[in-house]
Amino acid sequence: MPFFQHFGAFLLMLRGMFTKLENPRMYWKELMHQCNELGIGSLGIVAIISVFIGAVSTVQTAYQLVSPLVPISTIAQIVRDTVILEFAPTLSCIVLAGVIGSKIASELGNMRVSEQIDALETMGINTRAYLIMPKILACLIMIPLLVVISMVLGMWGGRFAGQAAGIMSYEVFDRGLLKEFIPFNVTFALTKAYTFAFIISAIPAYYGYHVKGGALEIGQSSTRAVVTSCITVLLADYILAALLLD
């Protein structure tokens with residue numbers, strides 16, 4: 001029963017974001033601020049993870065492909081498809097769920113506990129639209145861009161590791177990257193990126209906006225938000241793969 005209560009309150013929160021909107025310039029300024037805080041602020045961790053994921057994928061794939069009958073360029077194909085289909089969108093968003101999700105939940109939770117949200121509502125401001133909607137829109141804008149950057153850096157990391165470890169030259173790796181490329185894989189990855197972006201922004205916003213208590217409850221709410229977001233991302237990952245990959 002609590003699940004349906006939370007789900008109903010979540011839907012009401014989303015509906016409340018699109019009612020009684022104030023000055024659009026105020027929302028635009030907040031949107032740009034959130035794009036900088038949530039998107040650009042997460043670029044460093046995404047870049048580091050992506051490079052090392054690509055490098056590890058190349059080394060481990062080369063370790064497993066020991067048959068002389070398999071062309072060495074196949075390693076680059078496997079790394080490319082693995083990074084695009086799974087590592088860049090899913091693993092990056094799992095990390096972002098912890099970075100962005102905890103930030104959103106703790107920020108809104110602190111505003112709720114310190115009665116800043118109540119003060120804004122007293123002044124007639126739609127706090128759902130002003131506080132939550134820019135965060136969700138910023139994630140929908142920035143996270144797919146971060147996923148694209150993750151794809152590029154992941155393949156670059158694999159390319160660099162292949163040369164550094166003496167597995168293959170840059171030319172052989174580049175041939176493997178271009179061989180039998182399926183453009184739909186990028187479309188599928190971006191579909192997952194937009195879905196995950198909504199999940200890891202809306203769920204923490206709900207937990208932070210509805211927190212009750214003090215500092216202890218803010219921490220507990222942030223933890224629940226991150227755990228719920230990660231589980232939902234993994235569930236959505238499976239559903240999208242089952243529906244879109246035949």
Fill in: When residues of the range 191-218 are limited to those that are surrounded by fewer than 17 Cβ atoms within 10 Å (Cβ to Cβ) and among the aliphatic types (A, V, I, L, M), the one modelled with the highest pLDDT
216
Discussion item. Cβ-Cβ under 7 Å, sequence separation 6+ or interchain: first residue in the range 11-25 and at negative phi and crowded, with 16+ Cβ neighbours inside 10 Å, partner at pLDDT below 75 and in a helix (DSSP H, G or I). Which pairs?
Written reply: none
Worksheet item: Does the range 127-149 contain at least one residue that is touching a Pro at 6+ places or on another chain (Cβ under 8 Å) and either in a helix (DSSP H, G or I) or modelled with pLDDT of 90 or more (or both)?
Response: yes
Discussion item. Among the numbered criteria (1) more than 23 Å from residue 64 (Cβ to Cβ); (2) more than 13 Å from the chain's Cα centre (by Cα); (3) surrounded by 15 or more Cβ atoms within 10 Å (Cβ to Cβ); (4) not charged (D, E, K, R), which one does residue 154 miss?
Written reply: (1)
Item to complete: Would you mind finding the one in 173, 181 that is surrounded by fewer than 16 Cβ atoms within 10 Å (Cβ to Cβ) and in contact (Cβ under 8 Å) with a residue 24 or more places away in the chain?
Response: 181
Discussion item. Of the residues 67, 50, only one is touching a Ser or Thr at 6+ places or on another chain (Cβ under 8 Å) and more than 28 Å from residue 130 (Cβ to Cβ); which?
Written reply: 50
Discussion item. Filter the range 86-124 down to the residues that are among the aliphatic types (A, V, I, L, M) and either in contact with a Lys or Arg (Cβ under 9 Å, 6 or more places away or on another chain) or buried (at least 23 other Cβ atoms within 10 Å of the Cβ) (or both) and list them by number.
Written reply: 88, 96, 97, 100, 104, 105, 108, 113
Worksheet entry | All positions within the range 79-97 that are touching a residue at least 60 places away in the same chain (Cβ under 8 Å) and farther than 22 Å from residue 64 by Cα | 89, 90, 93, 94, 96, 97
Discussion item. Need the failing condition index for residue 76 against (1) among the hydrophobic types (A, V, I, L, M, F, W, C); (2) under 18 Å from residue 164 (Cβ atoms); (3) out of contact with any Lys or Arg (no Cβ under 9 Å at 6 or more places or on another chain); (4) modelled with pLDDT of 85 or more, just the number.
Written reply: (3)
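The values are calculated or read from the model by the stated rules, or taken from the named source; none is laboratory data. All values derive from a computational prediction rather than experimental measurement. As a convention, Cβ positions derive from the backbone with ideal geometry for all residues, glycine included, and neighbour counts pool all protein chains shown.
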